[in-house]
Every structure is written in structure tokens, then in C-alpha cells.
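Asks: Take this structure first; my questions come after.
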Amino acid sequence: MAITLSGDQSIPAPPLSSRLTPAQIWGIVLLAPYLLVFLAFVVYPVCYGLWLARAPSNYVALYHDPIFARAAVNTLIFLVIGINIKMLIALFLSGFFAQQRTWIKWLSVVFILPWAVPSIPTILSVRFMFNPEWGMVNHFIFSLTGDDGPNWLNDPTVALTMAIGVHIWKSLPFWTLILMTGRLAIAHDLFEAAEVDGASWWQKFRYITWPSLQTLYITCTLLSMIWTLGDFNSVYLLTGGGPADLTHVLSTLGIRYLRLDQLSLAMASIVCAIPFVLPLMYFMMKRLSR
Amino acid sequence: MKLPSLRDVATEARLLLIGIPVLLWTMIPIYHMFLFAISPKEDAFSGKLWPDHPTLHNFEIVFKQQHYFLRDFYVQFWNSLVIAAAVGVLTLVIATAAAFSISRLRVPGGRIVMNLALFTYFIPAAFLAVPMYRTMGNYGLLNNHWSLILAMVTIASPYAIWVLKQASDKLPVELDEAAVMDGATTLQIFRLVYLPLMMPSLVAIGTYAVLLAWNEYLYAFLLLSNDREITLPVALGNFLAADDSPWELLMTTGFIYALPPAAIYYAFRRYMVGGLTAGAVKS
């Protein structure tokens, strides 16, 4: 009763409930569950983690840890070389899968499998394939040449390259699919007109496909770089960071410190990546929220 | 009937030259897993492309839990199933409510929440895992299924909200206005107008969340450790603890574990591709 009265007399500061329409109250109620999850499992962990990593001594320790320097370089190689190779292949294959042929349609159904199945069994399958004694690959090399094959995962360069390969195997279908959807959205009559004018495939790509695809391609590349920073499985399940902790990337290194009960060091190694990741994240957020 | 011209044959040959390597590249690791699953141990380790005596014995061992590493197979399978289902349901509830609130009710501050959610979406998963582990410890949830469920909901919901918001922005405003004219309450609009129209996107998002949770390894292996609480992928990782791991059983269990997500993916492919790539292509 009191509320109705004060509402009628329009007193300067009515209670919150009468300033909001019922729809807005429902809006807040419906948004609340996500906000709670966000506060409890994003804001709190991130702030707590930053607080744990506050001591400068952590960064001195990281600076003197050769494994950290190696992991930082490996991460950079993984991102700059690995992701760009992957995206170039995806760009190429998206053109292949955009061809209208029945057998290519069927192939694309199979092609998506690495992305659809969980990574642990498939990565472990690759790991055993390259087992020096019993793996399929060295058996094959032996039957061809009569020599023992190399101990693949025991060489840090080869092992890291293979981890990149596993990452590409797993995520290539997803990016190919995205780029293919982008290609199919290009107006078809552009290509027909170019065909009539006798354009080569390179000219068609250079002057029609690429201009319409480049924003999407760059967005995908940046997005893939951000996510690959969090790709723990490709390295951990294939090499476990070995041999001699030489193939760690930042994501596996953080978990390694965590397993060694050096939580503040784990957080500090992640904090070191923030200056590089934050601008990328901000850029992506701006792009996608439009 | 016209004979194919030389030029058509050349094009087809070039396409095959790409298609065959793509097929091999995609299938070899999966075939290798399948091969191990149907091979007796000595055949698996001898590098044959097809076993001399293909057998389903490995499956029998797994289903009868006749190995030290497999003694809790059914419990772990059940754990994976329950956690994936719970993540799917919770993500759908939270994300649908949030998307409806932001997109249809235009709640004050909705845009900010959307941006915060998108920002979360771009935090690399392995980076968030470290503080998340400690947070779950502080909440007293370690070794409890809720820790993994809540962590996966946290990871799945930003993308879910974003996709659902994009989809609901496309629904005409007139629908809501007409319903309000007819005297519908907000909840009635949500239940009778909004949910039915959003069904295809909801299927896509539900599938996305279920697959994400079922396939998750890192968070599961950090947050759960007790043998009867862990999910299947963690159990598969534990196989590697032994020097003489039974790889043929590991691959058999892995094959069984990989089947449900592959089946779900193909069953809902129509929704997945449309629902999940629509937003990404918008440029």
C-alpha cells in the first residue's frame, strides 16, 4: 500500500523495484546465474591468481629457470610458425572442399573426425605409432631400408614439430570449415564473370576470394593463436614436455609448476604471457561484440 | 552421353591428388587406434597393417573390467556421462536465460556482461586452469564432480551466450510486442515464443557443451584424482603411469570413449555447422 501511494505522488527517490519495469526485473533475475558463475569462477580465480604471483622473486626465479626460457621460445615457434602453416593449409583446403562434387562432400564428412573425437585416444595413438621399438612407423622404415628408424620423440626439435603436427591434425578441420563457409558466402556470379573474362585461378583468388576472405582469415588466425596458447593436450599427451623438459610450452609449464606445488611460479609464468595476450583478447572482443 | 573432356579428367586428377593425402592424413591415427583395438597384443606390436587374427577379445576384457587399469571402467564411464549431461543442461539454462535477458529484455548493463563473457571466452583454457584448481580447493570442491561441472560450465557458457544472443537478435521485435499486446507476461514470452523459435540454436549449444565436457582432459585431470571419481579420459591418461602399459587395451578403451562424441556430432551435424559457424563468419 505504501509503495503504491509513494508511486502515485512521485516522490524523488522511489524504491528500486518501482523504477524498473517487470521486464527489467526479470532481465536481472535471468542474468544473475551467469553473473554468479562469472564472479565465482572467473573473477575470483583471476584476482587470486594475480595476487599469488605478486612477489618479484617469482619473476627472478623464472628468469633463472632455463626451462621457462625454452618454453617461451617453443610457444613462440608453436604460435608463429605452427598456426600460420595451419591457417595456410586451411585456406587452401577450404577451396578444395568448396568444390561441388559428391566424393568431396563425403570426404569432408570424414575430414571432420579429428575435431569431433576427443584428443586423448588419438594423440596417444600417434604417440605409439612413433614408438622407436614397436611403433608402426619404425616397423615400416625397417621393412623398407633394413635400418632402425630414429627415436622420434627423443629429439626435442622433432618432438616439438610433431606436437605442432598433432595440433594441426586436431584443429585443421574446424578452421577449414569456417573458411569454407566464408568462401561459400561469396557471390557466385563474380566467379562466373571472371570465368567469362578468362581469369586464371590465381587471378580469381587474388582479386575475388582473398579480398572477401581476408578479414575472416586474419580473425581466425588471431583467434587460433589465443586458443593455441591454452592447448595443453597436443604437447603434454605426445611428449609430456620431454625429453629433459625441452618441449614444454607455457600451458604445460604452468601445469608442471602446479604439479611441483610451485603455484606462485605457475601463476607468474602465466602473468608473463599477459602483455602479449591481452591486446589480442581485447582486439577479438571488439571484433566479435559488434 | 558425353565423354569427359581431357580438361575435366585433368581437373579431377588434380583434385584426387589433394583428396587422397587428406584422407590418409585424417584417417591414419584413427585407423591405428582401431587396429590396436582389434589386434591381439603380439600382432599390435609387430607393426602389421591388418592383424593375422582380428579379435574382439580386447573389448571383452574392457567390458568385463578384467585388467588392473580397467577395474573401474563402468564407474568412470558413468562419471563422464553424468558430468557431460550436467554441463549440457546447466550451460543451456544459464546461457539461454542470459541471452534472453540481454537480447530481448535489453537489461541495463547487458552489453557489458556480454563483453565480459566474450573476454572470458578468449582466456586460454590452460591458463585459467591453474588458478581454477586453487579456487576449487578453496571452495572445498576438489575431487567432487561439481568442481569439474562448474569449471566446464564456466568455460562453455561465454560462447553459448554469444551464439544464442546472435541468434535471438535475429528474431523480429514485433513478436515480443504482439505477445505483450495480447497480455503475455515476460515468462510466458520466454516459454511460449522465445524457446520454440530458438530450438535449433539450443540443440547446437547443448551439443557443444556436452561434447566439450565429455572430451575435456586437463580440467578433469587437475580437479579429480580419486579412481572412482575420475572421468574416462583421466583413466586413459593413467594407463601411461606403468612402464609396460597395455596399449591394446588403452586403444580399445579410447576407441569406446571416442564413439559417443563422434555419433553425437554426426547426429547433430546439421545444427552444429549452421549454429556454430554462423557467428564466426559474420565479418
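The values are calculated or read from the model by the stated rules, or taken from the named source; none is laboratory data. Values in this document were obtained by computation on a predicted structure and should not be read as measured data. A quick note on method: Cβ atoms are made from the backbone with ideal geometry, for glycine too, and the neighbour counts reach across all protein chains shown.
Asks: Residue check, residue A:146 against (1) small (Gly, Ala, Ser); (2) within 9 Å of chain B (Cβ to nearest Cβ); (3) more than 29 Å from residue A:213 (Cα to Cα), all met but one. Which one?
Replies: Every listed condition holds for residue A:146 apart from (2).
Asks: Might you let me know whether region B:61-84 holds any residue that is under 30 Å from residue A:137 (Cα atoms), loosely packed, with under 14 Cβ neighbours inside 10 Å and within 14 Å of chain A (Cβ to nearest Cβ)?
Replies: no
Asks: What tally of residues in region A:93-131 results from selecting those that are closer than 30 Å to residue B:232 by Cα and of a type in the set (Lys, Arg)?
Replies: Adding up the residues that qualify gives 1.
Asks: Check B:148, B:195 and return the single one that is in the same structural domain as residue B:121 (by TED's automatic domain parsing), closer than 26 Å to residue B:112 by Cβ and either surrounded by 20 or more Cβ atoms within 10 Å (Cβ to Cβ) or more than 15 Å from the chain's Cα centre (by Cα) (or both).
Replies: Sole residue among the options that is in the same structural domain as residue B:121 (by TED's automatic domain parsing), closer than 26 Å to residue B:112 by Cβ and either surrounded by 20 or more Cβ atoms within 10 Å (Cβ to Cβ) or more than 15 Å from the chain's Cα centre (by Cα) (or both): B:195.
Asks: For residues in region A:124-175 being outside any helix (DSSP H, G or I) and among the aromatic types (Phe, Trp, Tyr), which is surrounded by the fewest Cβ atoms within 10 Å (Cβ to Cβ)? Working first, answer last.
Replies: So the first thing to find is which residues in region A:124-175 are outside any helix (DSSP H, G or I), and the list is A:130-135, A:146-151, A:155.
Remaining after also requiring among the aromatic types (Phe, Trp, Tyr): A:130, A:134.
Values: A:130: 19, A:134: 14.
It comes out as A:134.
Asks: Now for a different question. Take residue B:127 and tell me if it is in a helix (DSSP H, G or I), in contact (Cβ under 8 Å) with a residue 40 or more places away in the chain, within 12 Å of chain A (Cβ to nearest Cβ) and touching a Leu at 6+ places or on another chain (Cβ under 9 Å). Explain how you work it out, then say what you get.
Replies: Details: in a helix (DSSP H, G or I): yes; in contact (Cβ under 8 Å) with a residue 40 or more places away in the chain: no; within 12 Å of chain A (Cβ to nearest Cβ): yes; touching a Leu at 6+ places or on another chain (Cβ under 9 Å): yes.
Criteria not met by residue B:127.
Asks: Moving on. Please verify whether region A:155-172 includes one or more residues that are among the hydrophobic types (A, V, I, L, M, F, W, C) and at pLDDT below 90. So that I can check it myself, show each step before the final result.
Replies: Pass one, region A:155-172, residues among the hydrophobic types (A, V, I, L, M, F, W, C): A:158-160, A:162-164, A:166, A:168-169, A:172.
The next check asks that each one be at pLDDT below 90; those that pass are none.
Checking region A:155-172: not a single residue is among the hydrophobic types (A, V, I, L, M, F, W, C) and at pLDDT below 90.
Asks: Quick one: which residue in A:258, A:250 is over 13 Å from residue A:222 (Cα atoms), crowded, with 18+ Cβ neighbours inside 10 Å and touching a Pro at 6+ places or on another chain (Cβ under 9 Å)?
Replies: The conditions single out A:250.
Asks: If you don't mind, there's one more thing I want to ask. Kindly evaluate residue B:34 against the criterion of being more than 13 Å from every other protein chain (Cβ to nearest Cβ), surrounded by fewer than 19 Cβ atoms within 10 Å (Cβ to Cβ) and at pLDDT 90 or above.
Replies: no
Asks: Can you go through B:169, B:182 and tell me which one is in contact with a Ser or Thr (Cβ under 8 Å, 6 or more places away or on another chain) and among the acidic types (Asp, Glu)?
Replies: B:169
Asks: If we keep just the residues of region A:20-68 that are under 24 Å from residue B:104 (Cβ atoms) and hydroxyl-bearing (Ser, Thr, Tyr), which is nearest to the chain's Cα centre (by Cα)?
Replies: Taking region A:20-68 and keeping what is under 24 Å from residue B:104 (Cβ atoms), we get A:20-39.
Imposing the further condition that a residue be hydroxyl-bearing (Ser, Thr, Tyr) reduces the set to A:21, A:34.
On the way: A:21: 41, A:34: 23 Å.
Here the answer is A:34.
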